[in-house]
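One structure is given below, encoded as structure tokens.
The values are calculated or read from the model by the stated rules, or taken from the named source; none is laboratory data. Only a predicted model underlies this, so the values are computations on that prediction, with no experimental measurement involved. Cβ coordinates were reconstructed from backbone atoms using ideal geometry, including for glycine residues, and neighbour counts include every protein chain displayed.
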Amino acid sequence: MEGKKTIIHVENLKKNFGSLEVLKEISIDIYEGEVVVILGPSGSGKSTFLRCLNQLESATDGTIIIDNMNITDKHTDINKVRENIGMVFQQFNLFAHKTVAENIMLAPVHLKTMTKEESKVKCSQLLERVGMPEKAEAYPSQLSGGQKQRVAIARSLAMNPDIMLFDEPTSALDPEMVGEVLAVMKELVADGMTMVVVTHEVGFAREVADRIIFMDGGYIVEQGTPEEVFQRPKEPRTIDFLNKVL
Amino acid sequence: MSLIIQTYGSMLLGALGKTLLLTLLSLFFAMIIGMIFALMNVGHNRFFNFLGIAYVDAVRGVPLIVLAYFIYFGLPTAVRMMGVEGFRLTALQAGTMALSMNCGAYMAEIIRAGIESVDRGQMEASRSLGLNYAKSMQLVVVPQAIRTMIPSIINQFIITLKDTSILSVIGFPELTNMGKTISGNTFKSLETWAIVGVMYMVVIITLSKIAKRVERRVNRGR
């Protein structure tokens, strides 16, 4: 990845919940267009790390610089930074009182990044892209899990972000719906989106990740290409974990 | 009974109108008071949290009748002590203040519970898109909270309507006060209070029927 532009720079990130140290000392650079998959046992801090990247969790200590903006600095307008970082949640979190189209158009219209007409066009393009053009007027309660997650991805993309964060996007799905969501994510990879993905989908990680990060106990234990991490893991904890999930 | 209706019918209806006026005014202000203190309560500012809790505790800790006496008789005295002469409150003003404060405290609790019943992920999703806290509340959380709040708000509506009768003690000519006058004049207590009771009942049952319809409409498309 040498010669590539750093888009996310994390230095000595620490996060405590009360007396519990969830992230102990995380330092990492993520490059533009890179697809990073974070693996690790539950409680290893991977979701917390992801949520620190858009400050849904505020860092206890350390520095996070995204697109040359220090988001751990109190004076940074975090809302502005978040416009540029899409996030997809395990539980979808679609706005239950709004239709699919309203979900997608809410942020662009209210943050005035688009006019209503532009956002309508964008909305139908995005629904086309996630394979659900006929669902614009449906409410979230009328959709399957896989459809909800695809709408959630479309909603994030409506702000034209440079970075997408995925927090276990397929963990709440029935097995037969995992494929349709991963397919949409793979398209994003093909488009060159910078992605940080927390997932248990080892197959997806192997196929599309530029880099695998293995976290345990609040640390990054090991990182490398999928080949390095899956074929020749060095750390005992990584080997132990991979033996369990593979 | 027909004698009472013939002689006092129009006065009773007028008094019922006063009751409804007081109820609607109080509910209007109570919604505003309730929204303000509920937002103080669910926010992350400790000072505002304290204010929100203190208000609800204070008002709920005082019987409405005491609050009404305090505002009607006590408040003008307090203003006079501060050196302002000639300050007086009408029974309607004092009644509206007492009921709004009282109902506002309960409303604050209803709204707080409604907001807290909305899944945290809704706020997080909205914030992750770049919307600020206020916009997220306004566009995402509160509209969803209102749906769960509607049955409790209707209930509070009915309680407040009935609580207006307490304000007969400060001489506001609402329905119960009129009942007192009529039964005093005619010595027909049984008939008078039966009529007054039925009048309250008709209004309240009508309101709850309308409310049920509103509730069903709001829940459509859920």
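Observations
- Selected residue [farther than 29 Å from A:E21 by Cβ and touching an Asp or Glu at 6+ places or on another chain (Cβ under 9 Å)] from A:R211, A:R150, A:R155: A:R150
- The helices (runs of 4 or more DSSP H) located wholly in region B:79-166 that include 2 or more residues which are under 19 Å from the mean Cα position of the chain (by Cα) and touching a residue at least 40 places away in the same chain (Cβ under 8 Å) occupy B:91-117, B:142-163.
- Of all residues in region A:115-132 being touching a residue at least 12 places away in the same chain (Cβ under 8 Å) and under 19 Å from A:E83 (Cα atoms), the one that is surrounded by the fewest Cβ atoms within 10 Å (Cβ to Cβ): A:K120
- Residue that is surrounded by the fewest Cβ atoms within 10 Å (Cβ to Cβ), among those in region A:187-204 that are within 13 Å of the chain's Cα centre (by Cα) and in a helix (DSSP H, G or I): A:V189
- Considering A:D240, A:D216, the condition of being buried (at least 20 other Cβ atoms within 10 Å of the Cβ), among the acidic types (D, E), over 16 Å from A:V130 (Cα atoms) and out of contact with any Leu (no Cβ under 8 Å at 6 or more places or on another chain) is satisfied by A:D216 alone.
- Residue ID - farthest from the other protein chains (Cβ to nearest Cβ), chosen from residues in region A:71-88 that are hydrophobic (A, V, I, L, M, F, W, C) and over 28 Å from A:M177 (Cα atoms): A:I71
- If only residues of region B:119-149 that are crowded, with 18+ Cβ neighbours inside 10 Å and more than 7 Å from every other protein chain (Cβ to nearest Cβ) are counted, the one that is farthest from A:N160 (Cα to Cα) is B:M149.
- Per the conditions (1) crowded, with 18+ Cβ neighbours inside 10 Å; (2) at pLDDT 95 or above, the sole criterion not satisfied by B:S168 is (2).
- Search result, residues across region A:106-123 that are away from every other protein chain (no Cβ under 11 Å), closer than 25 Å to A:D77 by Cα and not in a loop (DSSP other than H, G, I, E, B): A:K116, A:S119
- Filtered by the rule that a residue be aliphatic (A, V, I, L, M) and farther than 15 Å from A:I71 by Cα, region A:1-27 gives A:M1, A:L20, A:V22, A:L23, A:I26.
- Filter result (more than 9 Å from chain B (Cβ to nearest Cβ) and buried (at least 22 other Cβ atoms within 10 Å of the Cβ)) within region A:89-102: A:V100
- Residue within region B:196-210 that is within 14 Å of chain A (Cβ to nearest Cβ), among the β-branched types (V, I, T) and within 24 Å of the chain's Cα centre (by Cα) present: no
- Complete set of residues in region A:58-72 that are in a loop (DSSP other than H, G, I, E, B), acidic (D, E) and farther than 19 Å from B:S128 by Cβ: none
- Hits in region B:15-42 - residues which are small (G, A, S) and in contact (Cβ under 8 Å) with a residue 24 or more places away in the chain: B:A15, B:S26, B:A30, B:G34, B:A38
- Tally, over region A:23-67, of residues that are touching a helix residue (DSSP H, G or I) at 6+ places or on another chain (Cβ under 9 Å), away from chain B (no Cβ under 14 Å) and basic (K, R): 0
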